[in-house]
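Since the structure comes first, as structure tokens, the remarks are kept for the end.
Every read-out reported here was derived from the displayed coordinates using simple, explicitly stated rules and does not represent laboratory data. A quick note: this is a predicted structure, and the numbers were derived from the prediction, not measured. As a convention, Cβ positions derive from the backbone with ideal geometry for all residues, glycine included, and neighbour counts pool all protein chains shown.
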Amino acid sequence: MSIMHLDIVSAEEEIFSGNVKNIVAAAIMGEVGIYPKHTPMITPLKPGEIKIITEEDEEQLYFVSGGVLEVQPNIVTILADTAIRGEDLDEAKAAESKKRAEEALADKSDNIDAAKALAELAQAAAQLKMIESLRKNIK
Amino acid sequence: MSGGKEIKGKISSIKNTQKITKAMQMVAASKMKKAQGRMSAARPYAKMIKNVVSHLASAHPEYKHPFLIERENVKRAGLIIISTDRGLCGGLNTNLFKQSLKKINEWNKDSVEVDVCAIGSKAEKFFKRLDVNLVAQVSHLGDSPEINDVIGSIKIMLDNFVDGNIDELYLAENKFINTMLQEPGTIQLLPTKANKEEELSHHWDYIYEPDSKSVIDNLLIRYIESLVYQGIVENVACEMAARMVAMKSASENASDLIDELQLIYNKARQASITQELSEIVAGAAAV
């Protein structure tokens with residue numbers, strides 16, 4: 001029985017890499033089973049299990065919270081999401097990030113503190129320099 | 001005796017500082033190892049997704065995504081800047097900001113406006129003081145950042161691009177070359193230049209499920225996210241390496257200072273002993 005190479009990777013780590021005989025994954029349109037020499041295909045995945053049968057006839061299960069399945073005749077790649085995705089969820093995250101940016105711009109107090117601290121730092125540095133030059137003169 | 005006690009106090013305070021810088025150096029060294037591990041763990045995904053995207057580009061799909069189309073005149077550019085959350089890491093952030101500012105000034109000269117997305121609190125503080133349009137911000141990602149935390153900020157920039165508010169999107173990040181060397185750099189994210197040279201000998205296309213548009217949309221967004229995420233993970237490694245080097249030189253400077261002060265202290269002590277002795281001798285002679 002022929003085999004194909006499978007890589008399951010997420011943005012944060014490599015999950016599986018090796019030769020397999022069969023893959024069953026939950027694609028967005030329904031469950032798909034992939035055997036070697038499958039025609040090129042690309043489809044998003046639903047959150048769910050990925051069942052693989054390895055070269056040694058061992059069955060392994062992985063869970064992905066979505067992702068993309070890319071099939072080439074002898075190479076299959078699963079780009080797994082680590083984050084739970086959804087249009088609404090992404091939207092909420094975007095809104096949050098925007099809010100933070102606006103807050104950061106509105107918050108001028110920190111700004112003044114920073115400016116004050118910088119001025120003090122410059123003063124201290126000047127004093128330090130003077131002390132050093134005085135010390136040299138004494139020597 | 002001129003301030004023997006003060007010198008002693010100074011020495012002990014410098015010693016305390018040195019203890020802190022030494023501890024920070026060691027912590028940074030061990031964190032750097034971990035960060036480097038994460039950096040290499042994130043690499044396969046970036047490689048794979050790049051492969052898939054370039055397959056897509058050469059598979060001649062009937063649908064052309066806006067991310068792939070170059071725009072002729074650029075009126076507004078987006079810039080995502082990745083910085084650290086904490087300081088005491090040498091010139092890492094400063095160098096990156098300097099470079100970004102240069103880029104922004106160049107754009108301003110060509111009357112291209114800029115939208116900035118700041119990742120990390122140092123970038124936020126820096127660009128808040130400047131007169132730039134900060135549209136998105138995320139910070140306190142910690143030492144093991146998750147892609148979940150940055151999806152929102154990236155989405156804002158991508159949406160801006162799709163809506164035509166910005167015509168180009170860039171990423172300013174530090175490249176980890178080795179422990180001693182980190183280089184700031186800017187790469188273009190959008191329109192993406194997934195390598196198109198790779199022409200296949202025969203024409204073929206994927207089966208897209210459910211349809212090519214949603215699949216490509218999905219994939220390209222993840223591609224950009226993975227590039228930014230890779231940058232963030234790399235930046236953590238850069239931060240730790242830079243901090244380690246900065247703290248090492250701080251510790252060395254502290255030892256130099258301690259040596260110098262110890263010498264001054266010894267001289268002062270010797271002087272006071274000599275003085276006391278001569279007073280005693282003079283006193284005895286007078287009796």
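Hey, with R₀ at 30 Å, roughly what FRET efficiency would B:D143 and B:E72 work out to, going by the Cβ-Cβ distance, to 0.05? So, using R0 = 30 Å, E works out to roughly 0.10. Across chain B, the convex hull enclosing all Cα atoms gives 157 Å³ per residue. Can you pull the Rg over Rh of the protein assembly as shown, Cα-only, Kirkwood? Rounded to two decimals, Rg/Rh equals 1.16. Long hydrophobic helices in chain B, taken as whole DSSP H segments with a C-alpha length of 27 Å or more on their own axis and mean Kyte-Doolittle hydropathy at least 0.0: B:212-286. Hull volume per residue, based on the alpha-carbon atoms of the range B:55-165 and their convex hull, is 142 Å³. Going from the residue with the fewest nearby Cβ atoms within 10 Å to the one with the most, B:R38, B:R243 rank B:R38, B:R243. As a ratio to 2.2 N^0.38 Å, the alpha-carbon radius of gyration for the range A:4-86 is 0.98. Dividing the summed -39500 (n - 2.57) terms of all DSSP H runs of n ≥ 4 by the residue count of chain B sets its mean residue ellipticity at 222 nm at -21500 deg cm²/dmol.
Using the Cβ-Cβ distance between A:D57 and B:D217 with R0 = 45 Å, the FRET efficiency computed as 1/(1 + (r/R0)^6) comes to roughly 0.75.
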